[in-house]
Amino acid sequence: MKRIGILSDTHGYWDERYARYFGGCDAIFHCGDIGSPLIIEQLATLAPVHAVHGNIDGGEMRQLYPETLSVEIEKTRISLLHIGGYPGRYTLAGKDLITRTRPHLFLSGHSHILKVMPDPKNQLLHINPGAAGIQGWQPVRTLVRLVVDGMHFRDLEVIELSDYRSKGTD
């Protein structure tokens, strides 16, 4: 049984609440548009980080982090791609990654729109954790946590961070 944290689209923005919510996780997944290697360095103080680069990530980030990634945790195959789409609307790269890796959990980012959707056709759960950074139009920043238990998922939590345009806290 492993607790994992999932985030995307930080665009170089660090929020101390990432540490609060991902402290105690066994692994963290960053679905691209990282923005700075410092983000991964800070996340790595909490747990091992699995990350892919996104479309805003430049040469250094593309050398450090691949376009796609597939790992296994607790007998669960997890595949990541920044621009992957979602069930019924996968990108070509998303379809290719799913076909090649046959994941149980498919993670993507890019849209800044939180989505948690089962995909019965491909027998997987798709998660786009939304955007954790302050770039973009999203009024609420989001993170996702869940427990991977063998080949099952449980205790999925969507964490809403307060609107970064206001002075409030979550």
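The values are calculated or read from the model by the stated rules, or taken from the named source; none is laboratory data. These numbers were taken from a predicted model, which means no experiment stands behind them. Neighbour counts run over all protein chains shown; Cβ positions are idealised from the backbone, glycine included. Please note that ligands, DNA and RNA were not included when accessible areas were found on the heavy atoms of the full protein model with its side chains. Shrake-Rupley method; radii C 1.70, N 1.55, O 1.52, S 1.80 Å.
At-a-glance table
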read-out	value
Those aspartates and glutamates that a straight Cα-Cα span of less than 18 Å connects to residue 115, excepting residues fewer than 8 apart in one chain	9, 33, 155, 157, 160
Amide H within-cut-off set for residue 110, under 5 Å, with H built and near neighbours excluded	9
Three-way shape label, the stretch 1-82, alpha-carbon gyration tensor, a/c 1.5	oblate
DSSP beta bridge pairing in the stretch 106-146, given as percent antiparallel to the nearest 5	75 percent
Assigned charges on the beta-carbon of Lys, Arg, Asp, Glu; the chain dipole about Cα centre (debye)	440 debye
Fully extended contour minus Cα-Cα distance, from residue 26 to residue 154, at 0.36 nm per residue	44.6 nm
Dipole of the chain [Lys/Arg +1, Asp/Glu -1 at C-beta], most positive-end residue of 91, 52, 18	91
Label-to-label distance, nm, for residues given as residue 92 and residue 77 (7 Å Cα→Cβ offset)	2.3 nm
Derived scalar couplings ³J(HN,Hα) [the stretch 48-54; Karplus, 6.51 cos²θ - 1.76 cosθ + 1.60; whole Hz; x for Gly, Pro]	x, 10, 10, 9, 10, 7, x
Crossing angle, helix 92-101 versus the chain [Cα axis fit, 0-90 degrees, rounded to tens]	60 degrees
The chain: calculated mean residue ellipticity at 222 nm from DSSP helix runs of at least 4, using -39500 (n - 2.57)	-5000 deg cm²/dmol
Percent carbon-and-sulfur accessible area, the chain, ignoring ligands, DNA and RNA, probe 1.4 Å	52 percent
In Å, descending, principal axis extents of the Cα set of the chain	43, 34, 28
For the stretch 114-121, 3J(HN,Hα) per residue [Karplus equation, 6.51 cos²θ - 1.76 cosθ + 1.60, θ = phi - 60°, Hz, x = Gly/Pro]	5, 9, 10, 9, x, 10, x, 4
Pairs of alpha carbons in the stretch 34-105 whose separation is greater than 14 Å (percent)	63 percent
For the stretch 81-170, fraction of C-alpha pairs farther apart than 15 Å, in %	61 percent
Exposed trypsin sites (Lys or Arg not before Pro) absent: longest stretch of the chain, with sites in DSSP loops and at most 15 other Cβ within 10 Å deemed exposed	1-74
